[in-house]
Each structure stands twice: as structure tokens, then as C-alpha cells.
Amino acid sequence: MAAWSVAKLSVPFLEGNAQWSASMNTSHPGFLYNLSLAQAPPIVWIGCSDSRIPESVITDQLPGQIFTHRNIANQFQVKDNNAGAVVEYAVDHLNVSNIVIVGHTGCGGIKAVYDAVNFTSYISDHPDHTGCAHIVSTKPTDDPLNNFLIPITKLRQCLPANATNMDLTVANVQMQVQNVYKSSIFKKAWETTPGREMCVHGWLYDLSTGLLSSLGMTTCGNGKVTTDGNGKPKKV
Ligand SMILES: [Zn+2]
């Protein structure tokens, strides 16, 4: 892959932007100006930073439709103020009630965890999550990237020893769905507006086909009743 020189770096991006702006103003006159006045996105997208998954492009959406937070391996960690601020702003100030966690095939963050976990220390299968504190990774945890991957490392240790990379990918999405649903942000929203229905969805993006699919783990609630995607009561 060719390296970008500093002098040439801005050219394709700025020129591309100028072409895009001109095209938008031709095909959608007034759209960008009106959008500059306010936004009302229907969803929050929590996805991976991976360059191959630009959310508005792959969902064929115009600007203004997706409030976005992206990081390594599409995580919503409880103590992450960055992710928390994004969701809180969207829920409290933009009245967004649908949060989507988007995992993907071929995720570098998932692969790093999957490859790093030292199975010589693996105690046994832990379907009930007992013994999950015994985490050993062959990678050091004194840098930001590895620190950020610790929750997924722990999750890996909680899965059966023969779990696949895809098993971990899906389990990670499930963990983030639960993290958002059980967050203080949702609790506060329900205290402020009793009965407000809010949902967290889990999707998977396939890099090789460009297709998004639901993982069937949508969790909805109104502060009193929690249901799955079919409206059936669900224990979370
Ligand atoms: Zn990824």
C-alpha cells in the first residue's frame, strides 16, 4: 500500500470533499443548510474504528441519520466517559431511543484478544462465568490498546475453550448491548421520563459481503418491563 506524503495527503480528501459538497447541493438543494440548523438522528451507532466500516456509507444514509461513536472493537465500557458522553448526549438532548452495537467479521481487536489469551492457564469451560477472574494474557496491559481490550480478554476466558473468533465477536456485541442497557444513562432517562421505550440492538457487519445483519439480541424496555425484539418479556 502506497504511503501518503504530507504534501499530497490533503489533496484527495479535500478535493473529494469539494466534489461531494457540490454534488449534494445539486442533488439535494438546501439539505445541508437545513441540516446545519438542527439534527434528529434516529439511532446511535457504536461501531469499530475499522476504516472499512463507514456507517453512513454502508447503510446508504445521508448526513444527520446516525449519531456515532467508534472505537476498538465497538465497545461501550461502563467507565469510558467518551462513549458514555456520546450516548448520554444522544439520549438526553437528541431524544434518541435506539442504540445499535455493530460488531464485524475480521475485527483486529477481537483477533488480538483471541490470539493473545494464554490457554495454558485456562481452567475449564465456564458457562456460568465462574472462575472468570483467572485471566492471563500473553500481552502486557500497560498500554492504552491492551488496557482497552481487557474486558474482551475477560470475556474470552468466560467462553468455552473451543469458542471461535466469531463466538467471541458475537459475545462481545452481546456484552456491549447489556452494558448500554444497564447503564446509568438509561436508568436516568427512565427516571426522567417514566415509560419511555428504549432499545439496544446487536448487529454484525460482514466485511466480505458488505452486509449488515441483526444478531437477534435486541433488548427493549420502558423502565418497568424489559422485552426482547419480539416484544416478549426478557430477563437481563
Ligand atoms: Zn474491529
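What follows is calculated from the coordinates using simple rules that are stated; it is not laboratory data. Only a predicted model underlies this, so the values are computations on that prediction, with no experimental measurement involved. Neighbour counts are summed over all protein chains in view; Cβ atoms, including those assigned to glycine, are modelled from backbone coordinates with ideal geometry.
DSSP bridge analysis restricted to the chain gives an antiparallel fraction near 40%, rounded to the nearest 5.
In this label model, D228 and W20 are separated by 3.9 nm, measuring between points 7 Å along each Cα→Cβ vector.
Between the DSSP loop rule and a limit of at most 10 other Cβ atoms within 10 Å, which trypsin sites (Lys or Arg not before Pro) in region 147-225 are left?
Details: sites: K154, R156, K182, K187, K188, R196, K224; in loops: K182, R196, K224.
Passing both the DSSP loop test and the Cβ count: K224.
Rounded, prolate or oblate for the chain? Axes are the square roots of the Cα gyration tensor eigenvalues, ordered a ≥ b ≥ c, and the cut-off for rounded is a/c under 1.5.
Oblate is the answer for the chain, as a/c is 1.5 or above yet b/c matches or exceeds a/b.
Taking only DSSP H segments of four or more residues, each worth -39500 (n - 2.57), what value at 222 nm results for the chain once the sum is divided by all its residues, to the nearest 500 deg cm²/dmol?
Details: 9 runs with 95 residues, N = 236.
Dividing the helical sum by the residues of the chain leaves -12000 deg cm²/dmol.
Among the lysines of region 42-228, pairs that are 8 or more positions apart or on different chains and have alpha carbons within less than 20 Å of each other number 11.
With the cut-off at under 14 Å, measuring from each backbone N in region 142-173 to a point 7 Å along the Cα-to-Cβ line of S208 picks out 165-166. Taking 0.36 nm per residue of separation and subtracting the current Cα-Cα distance, fully stretching the chain between F31 and T105 would add 23.2 nm. By definition, a body whose alpha carbon gyration tensor gives a ≥ b ≥ c is oblate when a/c is 1.5 or more and a/b is not larger than b/c, and region 1-112 fits this oblate description. In percent, what relative contact order does region 42-228 have, based on Cα pairs under 8 Å that are 6 or more apart in sequence? Relative CO of region 42-228 lands at 23 percent. Taken along the Cα-to-beta-carbon direction at a fixed 7 Å, the label points for K187 and Q61 span 2.8 nm.
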